[in-house]
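First up is the structure itself, then whatever we jot down about it.
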Amino acid sequence: MNQEKFTIDNKIPRLFAIACVFWGAVGMLLGVIAAFQLAFPALNFSDYFPNLAFGRLRPVHTNAVIFAFVGNGIFTAVYYSLPRLLKTSMWSNLLSRIHFWGWQLIIVLAAVTLLAGYTTGKEYAELEWPIDILITLIWVVFGINMFGTILTRRERHMYVAIWFFIASWVTVAMLHIVNSLEMPVSLFKSYSWYAGVQDALVQWWYGHNAVAFFLTTPYLGLMYYFLPKAAERPVYSYRLSIVHFWSLIFLYIWAGPHHLLYTALPDWAQSLGTAFSIMLILPSWGGMLNGLFTLRGAWDKVREDPVLKFFVVAVTCYGMATFEGPMLSLKNVNAISHYSDWTVAHVHIGALGWNGFMTFGMMYWLIPKLFNTQLYSRKLASMHFWIGTLGIILYAIPMYWSAFRAYFMMKTFTPEGQLQYQFIDVVQSVVPFYIMRAVGGTIFLVGVFVMVYNLIKTARQGRFVAEEYGEAAPLSAQHKPVSHAFTHAILERKPLLLLVLSLIVVAIGGIFELIPTFLVKENIPTISSVKPYTPLELQGRDIYIREGCYNCHSQMIRPFRYEVKRYGDYSKAGEFVYDHPFQWGSKRTGPDLAREGGKYSDSWHFNHMLDPRSMAPGSIMPSYPFLFEKDIDRSTTMSKIHAMRNLGVPYPANYEVQANDDMDKQAQTIATSLKESKIDIPKEREIIALIAYLQRLGKDVKLNK
């Protein structure tokens, strides 16, 4: 049989590996800084570095860890494993380079724009429309290169890791495109195409499945390749991997609504999300057990090999997180966890334990292979393992403790039926846990730096193997098995069919959840008193989003006695029909603002934004002195009104012409009100617009009372 020679390029995996480690260190460092900012608000340095305040830094941290650290980790695994599994070169070295440099450009643009305040305000999808387009283009480049490689393979059957890479690629493409539909206002400003309840559902259909198909399924592909390689054992069960793959990608896509339990989302959608979340335990644990059982008979090696130690704890954390996730989708549990630090702990068990440790294990195994040497120090790697494990424990336990403490304080009433604790009392009680969390994150980061040192020393003592060579018979010369039944082996030989079926399987859940919410009017009953934002309020809302206030404040009051008593009447679906994007939030570090309008005077808001602790002693909120010096950008008012009307907001025809005049009138009213409180400030300042927005919140619904 004729053998064809092929070349495996190690330069691209090396570049992605370097980027993965570099951005991981940067992203985690930003996370540590943000954690200390929550414990010590003076570290926001608002007077000197307003761009580094928590509200802007937090999305930079999450995007850096998800798309820079984990993203580059995924691409490292794909570009290293595909040529070896398929016995072929990557389809295009040019596309590989475009992919690498394009992705790094996206990361840099994301950091610069988010710190500058250019954000859509949608969690894990904060990047503005030009960067969204660039992400789409680079993702297509990646897909073409991956499928070109698969179609020119010399191995007829595709290994299980490749199934997960294919499903991840097509699903992320679908999620990104649907969630990123937006109406551009300017080069770095847009409004979500969806509003209110619909926007919330689309966002968490995306947000949950970004975790599923960016942080989970490609890393399962990584697990199925690198764990057996490191253990020098075959995967425990081929049949279990088939069940794991198809059931996981089908069930995962339905679970997004469990992020919106007890909100204004229709009950049927909430129940659907809960039901499918519970079912997710089975395929998730099937994958975990398939990984752990692969190590049967190799436990002596696990005790000695730091690579396998990282892999074992990573897979165990995956099992913990995928058990906890379905539990958090139960309504009685979600009532405690949602908007609390429990969710933060849950996410970081996955991010630090599953993604972090799986990446570290891959790097400790891969770098010596790329540089044809041994790991510089197994002792340092083992030390990193124990430091990282301690960091995870010290991070997670305080967050669980904080969540339960806050919940029981928030719901406690006096015998007279009054709330026993004010919100600020709860905040002050959990600050010690925030300090402990920051210390745990710092310890984890120290372990990362230990790894960086170890990997650099490993590379320096070896010699980089830029290319490897292999040979295999072309598919045309190989025996083609005849199958008389439709078995999974057929799909493993037909990558395009596998791609199409994966798309169909993941699209079903989205179709059945999203479309009824858009087409059935009864899902979002209208409220006649709800009106569009005035031009000044719209400008203030954009400032609120720009400063990342949604990172700490929710605008969704759940129908619980203690929430209604604390914040006001529970929220209704019809309140949010003009909210592009929605602002329900996912974490309450500060109180809910859904009924903020009219609760305090204009002067209270003025002083609170200037110095939060002057109005709320013990507050951990940053101050925003630059809002008192910067003028509202009047040049954007007309384009914002025009964009909103194109999205269906019922502004009168040609209202753009008088929008700035109306804005000036309302601003003058607020400036006059402040002057009566002996506060003299020009009506053009941004703080005036923000006050207008905060004073509007909830007032439309109050008119019905």
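For segment 131-173, filtering for residues that are part of a loop (DSSP other than H, G, I, E, B) and not aromatic (Phe, Trp, Tyr) leaves 7. Under 20 Å from the mean Cα position of the chain (by Cα) and of a type outside the set (Asp, Glu), is that true of GLY325? Yes.
The set of residues in segment 90-101 that are in contact (Cβ under 8 Å) with a residue 24 or more places away in the chain and surrounded by fewer than 18 Cβ atoms within 10 Å (Cβ to Cβ) comprises SER92, ASN93, ARG97, ILE98. LEU352 passes every criterion in (1) of a type in the set (A, V, I, L, M, F, W, C); (2) surrounded by fewer than 23 Cβ atoms within 10 Å (Cβ to Cβ); (3) within 30 Å of VAL427 (Cα to Cα) apart from (2). Filter segment 340-372 down to the residues that are more than 21 Å from ARG437 (Cα to Cα) and aliphatic (A, V, I, L, M) and list them by number. If the condition is that a residue be more than 21 Å from ARG437 (Cα to Cα) and aliphatic (A, V, I, L, M), then MET358, MET362, MET363, LEU366, ILE367, LEU370 are the ones that fit. A single member of PHE147, PHE142 is within 27 Å of LEU248 (Cβ to Cβ), of a type in the set (Phe, Trp, Tyr) and crowded, with 21+ Cβ neighbours inside 10 Å, and it is PHE142.
Would you call PHE54 touching a residue at least 12 places away in the same chain (Cβ under 8 Å), assigned by TED's automatic domain parsing to the domain that holds TRP354 and farther than 24 Å from LYS122 by Cα? Judged against the criteria, PHE54 is not a match. Taking segment 642-679 as the range and being of a type in the set (Ser, Thr, Tyr) and in contact with an Asp or Glu (Cβ under 7 Å, 6 or more places away or on another chain) as the test, only SER673 passes. Using the structure shown, decide if ASP602 is charged (D, E, K, R), at pLDDT 95 or above and more than 30 Å from PRO432 (Cα to Cα). So ASP602 fits the description; yes.
Looking across segment 89-119, the residues that are hydroxyl-bearing (Ser, Thr, Tyr) and either closer than 27 Å to PRO474 by Cβ or in contact with a strand residue (DSSP E or B) (Cβ under 9 Å, 6 or more places away or on another chain) (or both) come down to SER89, SER92, SER96, TYR118. Restricting attention to segment 331-344, the residues being over 12 Å from TYR262 (Cβ atoms), among the hydrophobic types (A, V, I, L, M, F, W, C) and either over 18 Å from the mean Cα position of the chain (by Cα) or surrounded by fewer than 23 Cβ atoms within 10 Å (Cβ to Cβ) (or both) number 1. Screening VAL172, VAL211, VAL202 for residues that are within 20 Å of the chain's Cα centre (by Cα) and modelled with pLDDT under 95 leaves exactly one candidate, VAL211. Every condition in (1) touching a helix residue (DSSP H, G or I) at 6+ places or on another chain (Cβ under 9 Å); (2) surrounded by fewer than 23 Cβ atoms within 10 Å (Cβ to Cβ); (3) modelled with pLDDT of 95 or more is met by ILE133 except one, and the failing one is (1). The sole residue among ALA212, ALA173 that is within 30 Å of ILE524 (Cβ to Cβ) and either among the charged types (D, E, K, R) or buried (at least 23 other Cβ atoms within 10 Å of the Cβ) (or both) is ALA212. Among residues that are farther than 19 Å from LEU240 by Cα, modelled with pLDDT under 95 and buried (at least 23 other Cβ atoms within 10 Å of the Cβ), ASN179 is not included.
Note on segment 630-705: enclosed helices (runs of 4 or more DSSP H) holding 3 or more residues that are touching a Phe, Trp or Tyr at 6+ places or on another chain (Cβ under 7 Å) are 637-646, 686-696.
Among the conditions (1) surrounded by fewer than 21 Cβ atoms within 10 Å (Cβ to Cβ); (2) in contact with a Phe, Trp or Tyr (Cβ under 6 Å, 6 or more places away or on another chain); (3) outside any helix (DSSP H, G or I), the only one that LEU43 does not satisfy is (3). The helices (runs of 4 or more DSSP H) found wholly in segment 523-616 and carrying at least 3 residues that are crowded, with 20+ Cβ neighbours inside 10 Å and either in contact with a Phe, Trp or Tyr (Cβ under 9 Å, 6 or more places away or on another chain) or among the aliphatic types (A, V, I, L, M) (or both) occupy 535-546, 602-610. Residues in segment 64-74 that are of a type outside the set (Gly, Ala, Ser) and buried (at least 24 other Cβ atoms within 10 Å of the Cβ) were compared, and the one that is farthest from LEU109 (Cα to Cα) is ILE74.
Cβ separations smaller than 7 Å between residues 6+ apart or across chains give the following pairs from segment 607-636 residues that are farther than 17 Å from ASN44 by Cα to residues that are of a type in the set (Gly, Ala, Ser): ASN607/SER614; ILE632/ALA689; THR636/SER186.
Counting only helices (runs of 4 or more DSSP H) wholly contained in segment 174-284, the ones carrying 1 or more residues that are under 30 Å from LEU137 (Cβ atoms) occupy 196-213, 217-231, 238-252.
The values are calculated or read from the model by the stated rules, or taken from the named source; none is laboratory data. All figures in this text were calculated on a predicted structure; none of them were measured in a lab. A quick note on method: Cβ atoms are made from the backbone with ideal geometry, for glycine too, and the neighbour counts reach across all protein chains shown.
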